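Engineer: Sharing a structure below in C-alpha cells format, with a few things to ask.
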Amino acid sequence: MMSNFKSIGKIMVLSVLTLLTVISCKKDDEFFDIEDPQGIDSKIWGDEGAVGLFLSRTYGLIIPQWPASGNIHNTSDELNNVNTAFLYGTLNENSVTDMGTGNTITTNRYFDIRRCNIAIEGLNADPTLPEATRQRLKGQFFFLRAFVYFRLVNLYGGVPLVLKSQSLDGEELSVPRSKTSECIAAIVKDLDSAAANLPASWTGNDIGRITRGAAMAVKGKVLMYWASPQFNPTNISSRWEDAYQACKAAYDQCVTDGYVLIPKYSDIFITEDHKEVLIVRKYNTSRDLGNTVESVTRPDSETDGSSGQNQPTWNLVQAYTMANGLPTAHASSGYNDIMFWQNRDPRFEATIAYQGAAWPLSGKATRKQWSHVGVPDEAANTIVTGFYNKRLCNPSLTAAQSVYVSGSGGGSGMDWIEMRFAEVVMNLAECANETGRLAESKDMVRKIRQRAGIVAGTFDYGLDVATDVTTMRSLILNERQIEFAIEGKRYWDLRRTRNYDLITARQSYKLTPKPPYYAGSGTVAGRIYIDMPNAAGTRPRDTANLNNQSVYTAMFTTPGAIASLEGSNVINIPSHYYFYAVPNFFSQNSYVIQQTIGWINGSFDPLQ
C-alpha cells in the first residue's frame, strides 16, 4: 500500500542515480550529455573524475534549456508563440507540471534534489579528495539544489523540503509542504555555501560551471523575489533591505571577478563565453548537443527548416523608448507613429526586423527583410506579427546551415544564457529603488542604457522622467522588458510583481502596398510590382528609400493594419495563477500534500 507521501516517496527512495565507473576526464561536448546508468558505488566520492561525471549529468538535468514553443513560463504579450491556456485562463490543477509527473529521472525534479543530497553527503563522508577539491564540488551541488528549489518555489510557493538523501529500503515517506519562508531560508543557506566554496571563474572544459558570482547573483534574485509583491503583497520593508544587501554584494563581487556588460548588445547571444554570462547551458552543432532555435526563428526565406517562431509583437515594438531614453508618449520624445522605427533605443534595431530593415542573413550584406502583405519571399502563414527576431539568429549562417537535425547536427549551436550580468545590475537597481536609494537605482539603469547606446540628451538618458519610487518602478519594469526582450524574463517579471494585468491582446502590424504599387509580380499596365526584379535583377522595393516618409507613405498604406492575434479569445489570467496547483501526481496520491489555495480543495497558503 502507498500512503502518506506516496508518490514523492517513491521518487526519493527509488530514484535512478548516475555512475560512470570508467574514470575519465570530461570532454567539452559531454558537459550536458552524460549517460545515466543505474547503481552507485560509494567509492566514486574519492575519485574526482567519477564525481565530475556525476556532476556533469546533474548540470544537464537542472540547468534550463532553450524555452520550447508554447512554454507557459515563456508566455507574455511579446511573442507570437505562447501558451494560450495560460493567457485565456483555462489552466487546470495538472497544467503546470514542473515539479513532476512520474517516477523517472526526467519526469520529476525530486530526482535532481536527491542527486544533490547524495553527492553532498558522499563528499562529506569521504575525505580522499583534497579539501579544496571537495569544497569546490560540493559548492556546485549546493547551488544546483538551491536552483531546483527556487524554481519550484517560484511556481508553487512552499514545497516538500528534503535536504537529506533517503534510504533505498523502500520505506514510505511522509513529507508535507514546508512553508515558503522555510524554503527561501534553505535556498539562501545553500547559495551561501555555494558562494563560499566556488571559484571566481573556470577555464577550459569547465567554462559554463557555476562561479561564486553566479551563486551570489542568484541569492540576490531569490531575496528580491521574496520581497516582490507575488510573495510580499503587504510590502514588508525588511525583505527589500535584505534583497538590496544581497544584490549589492553580488554586484560588487561580480565586478571584482571581472563580469561586465559587453560593449555590443547585439553580440550577447551571437558570441560565446564572454564576461557577461553568469549561468549558461552550452550547446554546439554536434548531433547530440544542438538546438533548433536558429531555423525556427529565421524568416522562411532564409532557412531550409521550420520557421515563424519567436516573432516580436506590435506590443513589444511599442515598449521601446526613443534614442534619448524617453518613452514614445513623452512630449519631447520625437516619436513618429508612421516612421515608428526611427530614432528608437538602439536595442530596437538589434532586436526587431521590421519591414525594410537591414538584416544580412546568410551573409548577404545588402539583404533587407520584407513582410508586407503578399510578399513572395516568405510563406504567408509564417508572417504572423509582421516582425522577426534578430537577436537569436547568426547572420553568417546560410539557410542550409541554420537547420539542426537530431541525427546529424547543424544549426547555430547557440548557448542558452539563463542569467547574465545585466540582470545583476537591474536587480540591484530595483532593490535600490524599493529601499529609497533612487540615485543609486538610476546609476544602475544608466549603465544599462549607456551600453545600449542611448544618448544622454537633456533628460539624463531618459531617467529624469522618474522622480519617485513609483515612477522609477514603472521605468525599471519597462527597462527590463527591453533589455531582456525575447529572453523569457517578461513572464517572470510580471508574475513576481503581480502585474499580469499588463498582458494585453497580442497584436500584429502589417503593411499593404498602396496603388500603383502591388506585391508580387505581374504584367498589368500601370502597376508597379515592388517584388518583381527588372532585367538587372533589381526590385523596386530594394531601391526605395523607406526612411523618407513621403516615399514610404506613397508605397504602403500607413499606418499599418493592427490586428489581434487572439481572435475571439479574451486575455483572462486569474489571480490564483500567481501560485500554481501542485500537480495531481503529488496532491492526489498523498494526504499530507496540501493543495494550493485558490485551486480545487486548496488549503496551503504560499505567502507564509
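Throughout, read-outs are computed from the coordinates displayed, never taken from laboratory work. Just so you know, these numbers come straight off a predicted model, no measurement behind them. All Cβ positions, glycine included, derive from the backbone under ideal geometry; neighbour counts span all protein chains shown.
Engineer: Tell me which residues come under 5 Å, amide H to amide H, from residue 344 once H is placed; ignore anything under 5 positions away on its chain.
Structural biologist: 323
Engineer: Right, something else. Alpha carbon centre of the range 204-256 versus the range 506-549: separation in Å?
Structural biologist: 51
Engineer: Further question on the same structure: Whole percent per 10 Å bin, from 0 to the bin with the longest distance: what is P(r) over all C-alpha pairs of the chain?
Structural biologist: For the chain, the binned pair fractions read 3, 15, 25, 26, 18, 8, 3, 1, 0 percent.
Engineer: Moving on. Taking the Cα centre of the chain as origin, work out the dipole magnitude from +1 charges on Lys and Arg Cβ and -1 charges on Asp and Glu Cβ, in debye rounded to 20.
Structural biologist: Here the size comes out at about 660 debye.
Engineer: Given the pairs 138/442; 275/442; 189/275; 164/221; 138/179, which are separated by over 31 angstrom at their Cα positions?
Structural biologist: Listed pairs above 31 Å: 138/442.
Engineer: Please state the shape class of the range 209-351: rounded when a/c is under 1.5, otherwise prolate if a/b exceeds b/c and oblate if not, all from the C-alpha gyration tensor.
Structural biologist: Taking the square roots of the gyration eigenvalues as a ≥ b ≥ c, the range 209-351 is oblate.
Engineer: Over the chain, what relative contact order in percent results from Cα pairs under 8 Å that are six or more residues apart?
Structural biologist: 18
Engineer: Once label points are set 7 Å from the Cα along Cα→Cβ at both residue 396 and residue 132, what is their separation, rounded to one decimal in nm?
Structural biologist: 3.7
Engineer: Once amide H atoms are built 1.01 Å from N in the peptide plane, which residues 5 or more positions from residue 604, or in another chain, come under 5 Å H to H?
Structural biologist: Close amide H contacts, sequence-distant or interchain: 595, 596, 597.
Engineer: What are the ³J(HN,Hα) values, in whole Hz, obtained from phi via the Karplus relation 6.51 cos²θ - 1.76 cosθ + 1.60 with θ = phi - 60°, for each residue of the range 330-339 in sequence order, with x given for Gly and Pro?
Structural biologist: Couplings: 5, 4, 9, 6, x, 6, 10, 6, 8, 9 Hz.
Engineer: I need the fraction of alpha carbon pairs in the range 272-408 separated by more than 24 Å, rounded to a whole percent.
Structural biologist: 39
Engineer: Shifting gears a bit: For the range 507-564, just the Cα set please: Rg and Dmax, both in angstrom.
Structural biologist: 12.4, 40
Engineer: Two-decimal Rg/Rh of the range 338-461 from alpha-carbon positions, Kirkwood Rh?
Structural biologist: Ratio value, two decimals: 1.07.
Engineer: Using θ = phi - 60° and the Karplus form 6.51 cos²θ - 1.76 cosθ + 1.60, what ³J(HN,Hα) does each residue of the range 192-205 get, whole Hz, x for Gly and Pro?
Structural biologist: Per-residue couplings from phi come out as 4, 5, 5, 4, 5, 10, 9, x, 6, 7, 10, 10, x, 5 Hz.
Engineer: Points 7 angstrom from Cα along the Cβ direction at residue 104 and residue 245: gap in nanometres?
Structural biologist: 4.6
Engineer: Let me ask something else. ³J(HN,Hα) across the range 244-250 via Karplus (A = 6.51, B = -1.76, C = 1.60, θ = phi - 60°), whole Hz, x for Gly/Pro?
Structural biologist: Here the 3J(HN,Hα) series is 4, 4, 5, 5, 5, 4, 5 Hz.
Engineer: Can you give me the orientation-averaged projected area of the convex hull built on the Cα atoms of the range 91-147, in nm²?
Structural biologist: Taking the Cα atoms of the range 91-147, their convex hull projects to 4.6 nm² on average.
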